[in-house]
Amino acid sequence: MNLIGLFADAAPAGQAGGGLGMFVPMLLIFAIFYFMMIRPQQRKEKERRKMIEELRAGARVVFAGGFIGTIVEAKEKTFKIEIADGVSVEVARSSVQDVVKPEEPKAA
């Protein structure tokens with residue numbers, strides 16, 4: 001009995017194209033990941049940077065630490081914020097998370 005011949009016949013034939021068959025699904029997974037995760041996050045960050053650049057004195061903002069205050073002075077890299085009557089702090093522009101919209105009067 002020739003065992004080597006039996007095992008050689010039982011082995012499946014290799015795929016044509018080599019590693020190209022594995023490369024295409026990986027490329028598709030990366031493309032899906034990019035359009036579902038990376039691109040929307042980049043767009044959101046771009047909008048946030050634009051919002052921070054447009055902030056001026058008098059705007060009410062929310063910071064990463066949870067403080068809400070009114071911008072008193074806008075500098076190149078920081079804002080001077082009034083968080084209470086007579087209490088002002090200076091914070092980095094990057095710590096601004098959102099702009100507080102003025103509340104509309106409630107209908108009685």
State which residue is least open to solvent (accessible area, probe 1.4 Å) when the search covers only the stretch 82-97 and only residues that are hydrophobic (A, V, I, L, M, F, W, C) and within 26 Å of the chain's Cα centre (by Cα).
Val96
Taking the stretch 46-81 as the search range and keeping residues that are in a helix (DSSP H, G or I) and open to solvent by less than 50 Å² (accessible area, probe 1.4 Å), which one is farthest from Arg93 (Cα to Cα)?
Met51
Gly21 versus (1) open to solvent by less than 100 Å² (accessible area, probe 1.4 Å); (2) in a helix (DSSP H, G or I); (3) at pLDDT below 55: which is the lone unmet condition?
(3)
Among the residues of the stretch 55-81, count how many are polar (S, T, N, Q) and under 23 Å from the mean Cα position of the chain (by Cα).
1
Looking only at the stretch 57-108, count every residue that is within 24 Å of Lys46 (Cβ to Cβ) and of a type in the set (Asp, Glu) and tell me the total.
2
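The values are calculated or read from the model by the stated rules, or taken from the named source; none is laboratory data. These figures come from a predicted structure and were not determined experimentally. Neighbour counts run over all protein chains shown; Cβ positions are idealised from the backbone, glycine included. What goes into the accessible areas is simple: the full protein's heavy atoms, side chains included, and nothing from ligands, DNA or RNA. Shrake-Rupley method; radii C 1.70, N 1.55, O 1.52, S 1.80 Å.
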